[in-house]
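Shown next, in structure tokens, is the structure this report addresses.
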Amino acid sequence: AAENMPPFPLIKMAFLLLFSLCLTLILGFGLPEALNFIVKCCGFAEASVTHCIVLVYFIFVFFVAMPSIPRGSVKTEGKAVLITGCDSGFGFALAKHLHALGFTVFAGCLLKDKSGTGACDLESMNSERMKVVQVDVCSEEEVNQALQFVRENLKDAEKGLWALVNNAGVSTFGEVEFTSMETYKQVADVNLWGTIRVTKACLPLIRRAKGRVVNIASMYGRMGNALRSPYCVSKYGVEAFSDCLRYEMRPWGVKVITVEPGNFIVATGILTRDIVLATADKLWNAAPSIVQEDYGRAHFERRISVVKSYCNSGQKDMTPVLHDIADAVTSNYPFTRYNPMEVYWWIRMQAMTHLPAAISDRIYF
């Protein structure tokens, strides 16, 4: 609903509308002229411009508007998948979804040993193909123990582990001068180092199966945002790690895929008003006095109100994310990147990653 959307200044809205209008006019009138000029320089007839426009439109449709083309699916029977962060959110729902598709699922839960509700719910399924395992991705010891559990419970360890889904993650917020180094380290330890730690442990099994590594990054792994630097830093790292690993694993027949969800705050409950208020108190109380004086309490409260408005934003249904992760795990020819997000965020991500920063900064900040 409109009342749940974060505040958006009218001047920026007007600028976006003007930008869209100008882009339409440029494409409508400028593109034919530009193509005509290029065609003339190449020595072709002027009539070729029409064909060029058709070609440009075809490329647009193929890469942007074309629905997903079936690319074949692997047989799930006898294949196993390890998922981290299955206590709640994407991980919990994904464990059930992949189990329903026929996979043997090793659901890594942080709170299994503490009888967490997510772990208990998955265990209550009483299925031979749903195996809940304790794993804190920040602990080398627990990761190794979880891997040993996986090895012992695979039907044939020599055939390896078909897929690893690095889903475990945490989020926070705060302007740089209000964010402690400890917070940066804690977020990175889960989102980035946890992903690397679990991947390194599982790679021998993944290589044997010529399987998949699916890393859950974020749209904020491709573009930055105010108040989100700890999260952005960690997810940018996941993107870089995924790219490097993909190059290395290609000769082994292992596919490395990155999933970049948009705003699913409501669906996952990763950020609530209670969390925002508690975090805000810690941020303000821990800030140096010079930072408190220079920024002022009024500025700080305005920033916090923006974050609180995000708690009711985003998609309520996480099906697009589950569908894309499942496709990454099951498709014979998975995409390198998946972008399950609303159109607005997809356009913003394209603008911020392809336009000169001077232009995208003017549009969005």
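The values are calculated or read from the model by the stated rules, or taken from the named source; none is laboratory data. Everything numeric in this text was worked out from a predicted model, so none of it was measured. Note: ideal-geometry Cβ built from the backbone for every residue, glycine included; neighbour counts use all protein chains shown. Only protein heavy atoms, including side chains, enter the accessible area calculation; ligands, DNA and RNA are left aside. Shrake-Rupley method; radii C 1.70, N 1.55, O 1.52, S 1.80 Å.
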Next on the checklist: Is it the case, given these coordinates, that residue 106 is aromatic (Phe, Trp, Tyr) and outside any helix (DSSP H, G or I)?
Outcome noted: yes
Item to check | Residue in the stretch 111-127 that is part of a strand (DSSP E or B), of a type outside the set (S, T, N, Q) and modelled with pLDDT of 95 or more present | outcome: no
Next on the checklist: Against the definition (among the β-branched types (Val, Ile, Thr), open to solvent by less than 40 Å² (accessible area, probe 1.4 Å), free of Cβ contacts under 8 Å to residues at least 60 places away in the same chain and in a helix (DSSP H, G or I)), how does residue 143 come out, yes or no?
Outcome noted: yes
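Per-residue answers, yes or no, for (1) assigned to a helix (DSSP H, G or I); (2) touching a Leu at 6+ places or on another chain (Cβ under 7 Å); (3) in the same structural domain as residue 355 (by the TED database):
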| position | (1), (2), (3) |
| --- | --- |
| 193 | yes, no, yes |
| 200 | yes, no, yes |
| 203 | yes, no, yes |
| 206 | yes, yes, yes |
| 223 | no, no, yes |
| 226 | no, no, yes |
| 233 | yes, no, yes |
| 238 | yes, yes, yes |
| 247 | yes, no, yes |
Item to check | Residues of the stretch 146-182 classified as assigned to a helix (DSSP H, G or I) and surrounded by fewer than 19 Cβ atoms within 10 Å (Cβ to Cβ), total | outcome: 12
Next on the checklist: Suppose the filter is touching an Asp or Glu at 6+ places or on another chain (Cβ under 7 Å), of a type in the set (S, T, N, Q) and either assigned by the TED database to the domain that holds residue 349 or open to solvent by 20 Å² or more (accessible area, probe 1.4 Å) (or both); does residue 258 pass it?
Outcome noted: yes
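Say we look at the stretch 228-251 and pick out the residues that are of a type in the set (A, V, I, L, M, F, W, C) and within 30 Å of residue 308 (Cα to Cα); which of these is surrounded by the fewest Cβ atoms within 10 Å (Cβ to Cβ)?
Filtering the stretch 228-251 for residues that are of a type in the set (A, V, I, L, M, F, W, C) and within 30 Å of residue 308 (Cα to Cα), the one surrounded by the fewest Cβ atoms within 10 Å (Cβ to Cβ) comes out as 233.
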Checklist entry - What are the pairs, 6+ residues apart or on separate chains, where a residue within the stretch 294-319 that is at pLDDT 95 or above has its Cβ under 6 Å from a residue that is part of a loop (DSSP other than H, G, I, E, B)? => result 318/264
Checklist entry - Quick one: would you say residue 291 is in contact with an Asp or Glu (Cβ under 6 Å, 6 or more places away or on another chain) and of a type in the set (A, V, I, L, M)? => result yes
Item to check | Pick from the stretch 73-103, criterion touching a Phe, Trp or Tyr at 6+ places or on another chain (Cβ under 7 Å) and assigned to a loop (DSSP other than H, G, I, E, B), ranking: farthest from residue 193 (Cα to Cα) | outcome: 76
